[in-house]
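Here's the structure, in C-alpha cells; my notes come after.
Read-outs throughout are calculated quantities, based only on the coordinates presented, and are distinct from any laboratory measurement. Keep in mind that what you see is a predicted model, and the values were worked out from it rather than measured. Cβ placement follows ideal geometry from the backbone for every residue including glycine, while neighbour counts extend to all protein chains displayed.
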Amino acid sequence: MSWQTVLGFEVHIELATRSKMFCGCPADHFGKTPNSQTCPVCLGLPGALPVPNVRAVEWCIKLGLALNCQINRFSKFDRKNYFYPDLPKGYQISQYDQPFGHSGHLFLSSGKKIRITRVHLEEDTGKLQHAVVEGKKVSLIDFNRSGVPLVEIVTEPDFTDSSQSDEFLKEIQNIVRALDISRADMEKGSMRLEANISVMPAGQTNLPPYKVEVKNVNSFRFIKKAVDFEISRHIKLLESGKTPKQETRGYSESLGGTVSQRSKEEAHDYRYFPEPDIPPMTFTNSQINKWLQELPPLPEQIRSELISNFTLSSANAAIIASNQQMYNIFTQAVSDPEFSPKAIADVLINKRYGPVLPKTGNDLIKYLKSLNQTSISDSSQITEAVKKIISANPRAIADIKSGKQQALFYLIGLIKRDLGNVDISLVKKILIEQIL
Ligand SMILES: [Zn+2]
C-alpha cells in the first residue's frame, strides 16, 4: 500500500517590540537575570489591567498581510483558560474566533500552495527551569518572558513531505526578518515550531483519525529529521495494522528521533471567552491599506527581481534574498558596472572575500579590483610584454648578457609597470628564457 503524509505547522514568533504585550516591561528577555523584568501585569497579580501594545498589533497585521491573509476589520482578544505553573493568571490572553489574519497562503518554489489558516497575537508564558537546589530537584519559574508579544501562524495540513515544510518554514523566517519584526532565531526561542503529523493511505480524502504533535524543536535541521522520523514510524505502525497513538512528542538529538512526552487522548477545553479588560478593536480599510503599502519588498519579490534584473540563478537569488546584509552589499556593489552581478554574487556566496562579509558594496568592489590586479600569472600575456620590453631596451639586454644583474631588475620593473601586479618569479623566468 502507498501512504500519504498529512503535515501541518504551528509557528510561534516572538515580536521584537521594545515593551511587552500588555505592560511596559522590556520584551527583550534573552539572557536577562531571572524575574528582573516583571510587573503586576505580567506576573498576573489580582487587579492589574492589561494595555495592548499598539506596535505589536500593527506588526501582527503586517505579517498577516505579508502572508496574503484576510484581515478582520473587527478583532478582539480572548482568554484561553488552562493551568500551568508558567501561566500566572491561569489563562493566556490570545485570540479565538476573530484573529487579526486568516485565510492566507504562500507558494513554494514548486508552485505548490500552502494555505495559512490564521495569524493571531497572544502573550508568551513564563519559562520553567528544572534545577537541583540544595540536593532537591526543583522547578523554578522565570517570568521575564511572561507577556512578551507572540504571533502564532497556523497552516492547513497541506505539506506532504519534510522538504516542503523546510522551504516554507525558512521562508516564514525570511519574511519575518524582511519585515524587521523579530530576529526569529530558533536557537534563542524567538521562533518555535510545532508539527502536526499523521499518515493515511494514499488517495484517502478524510483526515486520519489521529495526529502526533512534535514540539519544542529548535532548529530547521532537527524539525526536518523529526518529521522524517515520524513519517516512517507511522508507516511501520500502520503496515502492522496499528494506529499510531495520539500524543505529543519531542525531538531527541542524541537518539536522532522523537520520544513520547505525553499522550493526549482527549481534546482540551480551553473555555475561551472574550477578554473583558480589553475592548475589541476595529480597523478601517484605509488603515489596512496603509499598512499594506508600508510592507517592505518581501523575499519572493526580491528573488524574482534578482533573477530578472541581474540574471542570477534561482539558487543564488535565494541565498542573497535570505540575507539582508548580503542583499544590501550586493545591490550597492552592482551599481559599479566594472564587475558583473554574477561575479559579485559569486564572491559573496562562496565567501571568497573571507569568512566575514564585507561591510559595504564599496569594500567588495575594492576587493574585486585588488583581485584583478594580482591575478596576472598568464604566461602568454607575460611573454608578449617581455618581448616588447626586450626589443625596446637593447642596451639593458647587452648589460644582462654581460652579467649585470641590475639591468635584469630594471626590466622586471618596466614589465611590472606595464602589466600592474604580476607574478614576478614568472616574469623573471620568461625574461631569462627570452634573452638567452
Ligand atoms: Zn510587566
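Of the candidates Ala315, Ala226, Ala195, which one comes out as most mobile in a Gaussian network treatment of the chain with C-alpha springs shorter than 10 Å? Looking only at Ala315, Ala226, Ala195, the biggest GNM fluctuation is shown by Ala315. Given R0 = 60 Å, the distance between the Cβ atoms of Phe83 and Leu357 translates into a calculated FRET efficiency of 0.80. Packing, taken as the mean count of other beta carbons within 10 Å per residue, orders the peptides 300-306, 154-160 from highest to lowest as 154-160, 300-306.
Remark: Cys60, Cys39 ranked as Cys39, Cys60, counting other beta-carbon atoms within 10 Å and listing the fewest first. Once backbone amide H atoms are built at 1.01 Å from N, Gln4 has Met200, Ala202 as its partners under 5 Å, excluding neighbours fewer than 5 places away on the same chain. Dipole orientation for region 379-435: of the candidates Gln405, Ile390, Ser379, Gln405 has the Cα lying most toward the positive pole (charges on Cβ; Lys, Arg +1; Asp, Glu -1).
Dipole magnitude for region 379-435: computed about the Cα centre from +1 point charges on Lys and Arg Cβ and -1 point charges on Asp and Glu Cβ, it is near 140 debye. Using R0 = 22 Å, the C-beta based FRET efficiency linking Ala131 and Val259 works out to 0.50. Ranked by the mean number of other Cβ atoms within 10 Å of their residues, highest first, the peptides 197-206, 121-130 fall in the order 121-130, 197-206. Extension gain for Thr383-Leu295 works out to 25.9 nm (0.36 nm per residue, less the C-alpha to C-alpha distance).
Expressed to the nearest 5 percent, the antiparallel share of DSSP beta bridges inside the chain is 90 percent. The residue among Ile288, Ile319, Phe143 whose Cα reaches farthest toward the positive pole of the charge dipole of the chain, with charges on the beta-carbon of Lys, Arg, Asp and Glu, is Ile319. Placing +1 on the Cβ of every Lys and Arg and -1 on the Cβ of every Asp and Glu, with no other charges, gives region 3-282 a dipole of roughly 160 debye about its Cα centre.
Placing +1 on each Lys and Arg Cβ and -1 on each Asp and Glu Cβ, with no other charges, gives region 285-436 a dipole about its Cα centre of roughly 640 debye. Multiplying the residue separation of Gln287 and Gln324 by 0.36 nm and subtracting their alpha-carbon distance yields 10.6 nm. Taking 7 Å steps out from each Cα toward its Cβ at Lys236 and Asp166 produces label points 2.1 nm apart. Structure note, pairs Lys20/Lys76; Lys351/Lys416; Lys112/Lys224; Lys112/Lys188; Lys32/Lys127; Lys32/Lys76: Cα-Cα distances above 24 angstrom occur for Lys351/Lys416; Lys112/Lys188; Lys32/Lys76. Comparing Leu128, Leu238, Val6 along the charge dipole axis of the chain, the residue lying farthest to the positive side is Leu128, per the Cβ-charge model. In this calculation the C-beta distance from Gln4 to Leu426 is compared with R0 = 60 Å, giving a FRET efficiency of 0.40. Axis angle, to the nearest 10 degrees, between helix 299-310 and the longest C-alpha principal axis of the chain: 20 degrees. For the chain, the longest principal axis of the C-alpha atoms and the axis of helix 405-419 are separated by about 50°. Peptide packing: for 140-153, 281-294, 176-189, the average count of neighbouring Cβ atoms within 10 Å per residue gives the ranking 140-153, 176-189, 281-294, highest mean first.
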